[in-house]
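Down below is the structure, laid out as structure tokens.
The values are calculated or read from the model by the stated rules, or taken from the named source; none is laboratory data. All figures in this text were calculated on a predicted structure; none of them were measured in a lab. Cβ placement follows ideal geometry from the backbone for every residue including glycine, while neighbour counts extend to all protein chains displayed.
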Amino acid sequence: MTTDVTAQASAAPPRRPTIGSLLGLPVLRVALVGTAALITWAVLAVADEPGPFPPSMLFAAATMLPVNLISIWLVRRALHREGLRARDLIDYSARRLGTDVLWGLLWMTVLSIPFILTVVGVMFALHGGAALDRFDTVFYDADAAPMVDRAILTVLAIVSVLTFAPLNAPAEELIYRGYSQGGLERRWPVPWAILVPAAIFALQHVFYATTPGAVRGYRAALFVWGIGSGIIVWRQRRLMPIIIAHLLVNLMTSAPALVIVFLPDSAVAG
């Protein structure tokens, strides 16, 4: 009898999430990403390897490991309080994996078109006719890259490829589209439930901008990407296809770092 009473007392009934928690978790994710970027920048400065803020994508991807682990833990805990499970939102099925991969490839292609058009549009809005000439300097700054030891760069590259995409894609989709958007859809009109998480999602990616000058382009393009992803999840009612699309994009941004392993020492040294 005592065991039954204890079990019933410990099994708290599902709680309906508040607007504060539905928006607070995505905002907390942004804060975690920003903190990781700031700590990385400070460590590089202390190591006498000062660089721009935010740090380059290689450092950002590698240092996202603890952020993504914390994010997944937080969103799983938030979902459990509602009586939900992350696996149910993802809806992974080995039988449907091939189909989901095809959906992921399709959504990656579809979302890339407005993403690219938005980046180009922002560049022309900011730089006019000189936009095409400014792409090289706005989205890549070779002189700003800190000249860290080759062995450290190699380790960072391997860690980035092995951990960034597999953890970052499900962490972000669970927080922004699964938990936040899914909960807001039960409270707000669907357009607002999609737009608000997409805006916070875009704000987070400011800390991935390749140079300070690329911030506005990243913010606008990722806002458009977030809206498109939100619409896809709203229509398909599951996260697996968009997680695959997100994972593929993350792989394309992190995998090139492995080139460092094969470069001669003179090339790495600049």
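Can we say V249 is in a helix (DSSP H, G or I), surrounded by fewer than 16 Cβ atoms within 10 Å (Cβ to Cβ) and either aliphatic (A, V, I, L, M) or modelled with pLDDT of 75 or more (or both)?
no
When the stretch 41-61 is examined, which residues are found to be of a type outside the set (F, W, Y), assigned to a helix (DSSP H, G or I) and over 21 Å from F201 (Cβ atoms)?
Answer for the stretch 41-61, where residues must be of a type outside the set (F, W, Y), assigned to a helix (DSSP H, G or I) and over 21 Å from F201 (Cβ atoms): A42, V43, L44, A45, V46, L58.
Give the residue, chosen from G213, G228, that is small (G, A, S), over 16 Å from the mean Cα position of the chain (by Cα) and surrounded by fewer than 23 Cβ atoms within 10 Å (Cβ to Cβ).
After ruling out the rest, the residue left standing is G213.
Sort through R85, R81, R77, R95 and tell me the only one that's touching a helix residue (DSSP H, G or I) at 6+ places or on another chain (Cβ under 7 Å) and within 30 Å of L239 (Cα to Cα).
When all the criteria are applied, what remains is R85.
Which residues, counting only those in the stretch 183-208, are of a type in the set (G, A, S) and more than 20 Å from P170 (Cβ to Cβ)?
A193, A199
In the list V33, V67, V27, V46, which residue meets the criterion of being touching a Phe, Trp or Tyr at 6+ places or on another chain (Cβ under 6 Å) and at pLDDT 80 or above?
The conditions single out V33.
Is it the case, given these coordinates, that T3 is farther than 22 Å from T163 by Cβ, modelled with pLDDT of 70 or more and of a type in the set (S, T, N, Q)?
For T3, the condition - farther than 22 Å from T163 by Cβ, modelled with pLDDT of 70 or more and of a type in the set (S, T, N, Q) - is not met.
So which residues in the stretch 219-241 are of a type in the set (D, E, K, R) and either modelled with pLDDT of 95 or more or not in a helix (DSSP H, G or I) (or both), if there are any at all?
R235, R237, R238
(1) in contact (Cβ under 8 Å) with a residue 60 or more places away in the chain; (2) more than 30 Å from T154 (Cα to Cα); (3) surrounded by fewer than 16 Cβ atoms within 10 Å (Cβ to Cβ): which one isn't true of T118, the others all being true?
Looking at each condition in turn, T118 falls short on (3).
With the requirement that a residue be in a helix (DSSP H, G or I), loosely packed, with under 15 Cβ neighbours inside 10 Å and touching a Leu at 6+ places or on another chain (Cβ under 8 Å), what does the stretch 71-115 give you?
Correct list: L105 only.
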